[in-house]
Every structure is written in structure tokens, then in C-alpha cells.
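As C-alpha cells, the structure follows; a few thoughts come after it.
The values are calculated or read from the model by the stated rules, or taken from the named source; none is laboratory data. Note that the coordinates shown come from a computational prediction; the quantities given were computed from them, not determined experimentally. Note that each Cβ is placed from the backbone with ideal geometry, even for glycine, and that neighbours are counted across all protein chains shown. Only protein heavy atoms, including side chains, enter the accessible area calculation; ligands, DNA and RNA are left aside. Shrake-Rupley method; radii C 1.70, N 1.55, O 1.52, S 1.80 Å.
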Amino acid sequence: MTLRKAIKFNAKKSLKGNWSKAILILLICTAIGAVLTILDNAIFSALGFQHVKITSDLLRGDVIYQFGERVGWPEALLSLLLSLVRLCIMAPLTLGVANWALELTDGRTRPVGDIFWAFDNAAIYRSIWMEITVSVKVGLFSALIMLIPGAMMGYGAAIFYANRSLSVLLYALGGLLMLAAIPFELWFSARYFATRLLLCDRYYYTVREATKLSVELTRGRRWQIVGFSLSFLPWFLLCCLVLPILYVLPYFSVASVMYARYLFEDHLLGQKKLDVSDPDRIIIDDVAPEDYHTARAAQGLSEEAPAEENPYAGAEPTGTDGAGEEPAPSDQGAEGDVAEL
């Protein structure tokens with residue numbers, strides 16, 4: 001069994017008996033997103049403003065254009081403000097869903113309300129800053145590789161009436177270059193595949209630590225991660241029928257978290273910072289409050305962490321439930337045969 005198939009198999013196994021909660025979480029997130037969209041549109045309608053979609057176009061200076069028409073800065077600024085409000089709500093919620101899925105990979109089913117975990121602590125700020133950091137980095141890379149094909153298509157459109165044959169040629173070549181650039185955008189995005197996992201309650205890295213470590217974890221495996229994500233494409237095409245969404249999105253979310261966890265624990269094994277033969281060495285998971293800083297130092301994560309960053313401060317010491325589970329065997333950078341994760 002290949003690594004990809006093993007991850008998918010174990011994701012479905014983890015969801016067995018938990019589908020009702022997973023679907024309810026999906027419906028809650030969808031409902032919150034829908035409410036934010038309705039409020040967004042209502043505000044614009046009440047003010048008589050034209051909605052401006054805030055995307056990576058900000059990095060290319062196109063924010064004041066919408067469907068080829070110039071839009072005033074008040075509309076652009078309002079769109080940016082409402083986008084930040086949405087980010088402040090959806091980023092911690094998404095992190096909470098990832099945290100819930102992470103617990104599920106250990107066979108621990110948490111209440112649905114745990115998806116709001118990040119709103120109660122510093123994780124809310126970390127989740128927001130992580131989304132901004134990653135979006136800016138990916139946006140800048142996207143703008144860079146799309147610069148030449150975008151310029152070709154723009155120039156081709158500008159000279160359409162003056163030289164139609166050259167215009168069509170430039171537009172076609174620019175379009176082909178854009179399609180060719182998409183895999184490289186996905187490859188670059190894969191650098192941050194494990195970032196959200198590392199912000200979860202179990203690990204609680206800072207954003208800087210998480211992004212840096214994610215880049216290290218995914219080095220040499222980014223095309224494999226792209227292939228893993230694209231392997232769900234047929235499932236996502238089925239989502240056009242609406243109902244399959246209830247199956248596909250929870251399945252993809254848990255499988256992605258499981259893959260990211262595999263990368264992290266395989267890295268720890270390679271660095272001899274995790275010993276599966278001795279459960280007491282697996283100190284990343286379920287660390288008692290008084291041992292938190294010692295645990296991080298022993299794992300080489302940091303010499304010292306501020307008190308306010310201790311996610312277990314003021315909590316009762318937890319046990320080691322699930323701490324002795326053996327993580328996935330290393331595929332040594334390739335999709336080797338594995339029996340189980």
C-alpha cells in the first residue's frame with residue numbers, strides 16, 4: 001500500500017463513527033461563511049457601494065478595478081475592511097477544525113464545540129497572522145510567475161484592433177504560460193502544507209516557527225503533496241452535485257491533517273527527537289503544564305517560551321492517552337509501501 005493510499009485509508013477509518021460530527025462541523029462553517037457573505041452584501045447595498053473582491057490582485061495594484069471598471073477607494077477600503085473581519089472569524093475557526101481533526105487521528109473524538117477552541121486564547125492571533133503571512137508569500141510568488149504571461153495577455157488585448165493576428169497569438173501564448181505556471185504555484189503553496197497543523201493545541205508553535213518548520217518538513221516532498229491534493233480532484237468534481245460535499249470536504253480535511261502529521265512525526269524520528277519504543281519520550285503530545293517548557297527544550301523546539309504562550313497554563317495535567325501510538329513509518333522522501341500510519 002502506498003503512502004497516499006494508507007493516509008486515505010486511515011482518514012476514512014478515523015471518520016468511521018464520527019461522520020455525523022464531521023458533517024455538522026462542515027454545516028456550521030458553511031453557515032457562518034454564508035452569514036458573513038449576506039452581511040457583507042447588505043452593507044454594500046445599504047451604502048450603495050460596488051463590491052470589490054480582495055485577492056492577490058492587491059499585490060499587482062489592480063484593486064481599484066472591477067470587471068474592467070474603475071472603482072472608488074471608499075469601496076476598495078470597505079472591501080478590505082470586511083475581508084479582514086471575515087479573516088478574523090474564519091481563520092481561528094479553520095484552525096479549530098484542524099485541531100479537531102488532529103485529535104480524531106488519534107482516535108479521540110472531541111465535542112463539536114471544540115472547533116471554537118482558538119477563540120479563547122492566543123491561537124486566534126496566530127491563526128490570523130498565519131493566514132496573512134502565507135497568503136502574502138504565495139501571492140507574491142504568484143504575481144512573480146504570472147508577470148510575463150499577464151503582460152503578454154494585456155498587451156495582446158491592447159493591440160487587438162491594430163493587429164488582430166499578433167493579438168490572438170500573444171493572448172494564446174500568455175494563456176498557455178499561465179496554465180503551465182499553475183503547477184508551480186501549487187508546488188510553492190505546498191511549502192506551507194503543515195503550517196496550520198503546527199499551530200494546533202498539541203504543538204502550539206509560533207507562526208514564525210510553524211512556517212519555517214513546514215518549509216523544512218516539505219522539502220523534497222512538495223510534488224508528492226501536490227499529487228496528494230490533486231488525487232482528490234475527481235471527488236471535488238462530484239461536489240458539483242452538492243450532496244457529495246458532505247463526504248468529500250471532511251474526508252479531505254482529515255486526510256490532509258493526517259498527512260501533515262505524518263510529515264512532522266517522520267521528521268522527529270529522523271532527528272531522533274521522538275522514540276516510539278518509549279512512550280515517555282513522546283512528550284509533544286499531552287504534556288502536563290509543569291513539563292511544557294521542559295518538553296519543548298528537550299525536543300529542541302525552543303530554549304524558553306513566554307508564559308502567555310503556554311497553552312496548558314492553568315489547566316489540569318492531562319494523561320498520555322494516545323501518546324504511545326506509533327506514528328507512520330518513514331517513506332524516506334518517497335511514497336514507499338507502508339502497512340499503516
State yes or no: is Asn121 of a type in the set (S, T, N, Q), modelled with pLDDT of 75 or more and either in contact with a strand residue (DSSP E or B) (Cβ under 7 Å, 6 or more places away or on another chain) or open to solvent by 40 Å² or more (accessible area, probe 1.4 Å) (or both)?
yes
Subset of the stretch 1-49 (residues that are surrounded by fewer than 13 Cβ atoms within 10 Å (Cβ to Cβ) and in contact with a His (Cβ under 8 Å, 6 or more places away or on another chain))
Asn41
Would you please name the residue that is modelled with the highest pLDDT, looking only at residues in the stretch 234-249 that are in a helix (DSSP H, G or I) and exposed (fewer than 11 other Cβ atoms within 10 Å of the Cβ)?
Pro234
Within the stretch 168-176, does at least one residue satisfy the condition of being surrounded by 21 or more Cβ atoms within 10 Å (Cβ to Cβ) and more than 32 Å from the chain's Cα centre (by Cα)?
yes
Is it true that some residue in the stretch 69-84 is part of a helix (DSSP H, G or I), at pLDDT 75 or above and closer than 28 Å to Ala260 by Cβ?
yes
Answer with yes or no whether Phe188 is in contact (Cβ under 8 Å) with a residue 60 or more places away in the chain and assigned to a helix (DSSP H, G or I).
no
Sort out which residues of the stretch 124-161 are open to solvent by less than 50 Å² (accessible area, probe 1.4 Å) and assigned to a loop (DSSP other than H, G, I, E, B), and write them in order of number.
Met146, Ile159
